[in-house]
């Protein structure tokens with residue numbers, strides 16, 4: 001378990017993290033989300049003692065990181081995959097890290113096998129691709145067989161097979177009762193991976209809870225319906241005061257506030273034949289954009305607006 005309480009970090013007049021508190025439970029994968037500049041990397045660095053907090057504290061299974069005599073046995077972390085000596089082989093890179101925490105060389109070969117780098121174990125890490133460096137960084141995080149794991153953007157540089165592999169690995173680690181805390185900008189991947197979320201914006205906590213609850217709070221379930229008797233359904237929905245919009249060139253309706261069962265019963269009552277009745281929920285991306293919209297540090301202009309402005313300026317010149 002990870003417990004962060006009142007984490008605050010100031011850089012001069014800039015407040016990067018603002019009285020941030022959250023809990024990461026064991027046996028779960030917790031996603032750490034926020035817009036660019038939200039303070040995610042600063043928070044993770046403070047958790048590991050790489051940056052000193054202005055105030056606040058973090059405990060790992062009840063202990064401060066600085067009090068861990070051999071921290072890799074308790075906390076494994078991947079923050080910067082590119083950190084390595086380019087002249088060392090993958091095995092020797094891991095061997096010196098293992099030696100610093102009393103970890104036997106046999107464990108080095110075990111984690112190299114876990115991350116799929118056994119065949120290149122003797123090759124210099126300086127020639128590794130970004131995806132291979134990600135795997136090497138994950139291997140270093142696993143070295144001490146820790147109960148707590150922190151991953152910052154672990155899928156960067158990985159191909160689809162690698163992304164699938166890291167997703168399975170994180171689920172396996174959580175199923176073993178470990179605490180898995182992962183930061184990522186790939187919301188589609190987090191939707192498939194994270195069971196819980198900690199969402200921040202401008203250094204403040206926006207949400208903590210399950211991924212499912214986060215999506216449900218920010219979006220509403222909708223049902224898509226197609227029917228050759230669409231005008232009949234329109235009138236029935238209007239009488240019921242149900243919100244709907246026409247989609248697919250008016251060949252279907254997107255209905256809010258009514259379940260597929262209710263909509264099917266309504267269609268039956270009205271004698272309307274149905275060709276499609278498809279419930280669909282909002283996405284993690286939709287929920288994230290809605291709940292963090294006021295916390296975006298670096299907002300870009302809409303491409304359509306920018307193009308229109310450019311065309312107008314060109315016409316006037």
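The values are calculated or read from the model by the stated rules, or taken from the named source; none is laboratory data. Source: prediction; values computed, not measured. FYI the Cβ positions are ideal-geometry reconstructions off the backbone, even for glycines, and counts take in every protein chain you see.
Listing for the model above:
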{"item": "Complete set of residues in the range 9-24 that are farther than 12 Å from residue 205 by Cβ and either assigned to a strand (DSSP E or B) or within 16 Å of the chain's Cα centre (by Cα) (or both)", "result": "9, 10, 11, 14, 15, 16, 24"}
{"item": "Unmet requirement for residue 98, which otherwise passes all of (1) without any contact (Cβ under 8 Å) to a residue 24 or more places away in the chain; (2) surrounded by 13 or more Cβ atoms within 10 Å (Cβ to Cβ)", "result": "(1)"}
{"item": "Residue satisfying condition, being surrounded by 14 or more Cβ atoms within 10 Å (Cβ to Cβ), touching a helix residue (DSSP H, G or I) at 6+ places or on another chain (Cβ under 9 Å) and either on the phi > 0 side of the Ramachandran plot or not in a helix (DSSP H, G or I) (or both), within set 87, 116, 131", "result": "116"}
{"item": "Any chance residue 37 is within 24 Å of residue 135 (Cα to Cα), in the same structural domain as residue 140 (by TED's automatic domain parsing) and surrounded by fewer than 17 Cβ atoms within 10 Å (Cβ to Cβ)", "result": "no"}
{"item": "Every residue from the range 63-81 that is assigned to a loop (DSSP other than H, G, I, E, B) and free of Cβ contacts under 8 Å to residues at least 24 places away in the same chain", "result": "64, 68, 69"}
{"item": "Residue within the range 64-72 that is at pLDDT 90 or above, touching a strand residue (DSSP E or B) at 6+ places or on another chain (Cβ under 8 Å), assigned by TED's automatic domain parsing to the domain that holds residue 123 and under 22 Å from residue 176 (Cβ atoms) present", "result": "yes"}
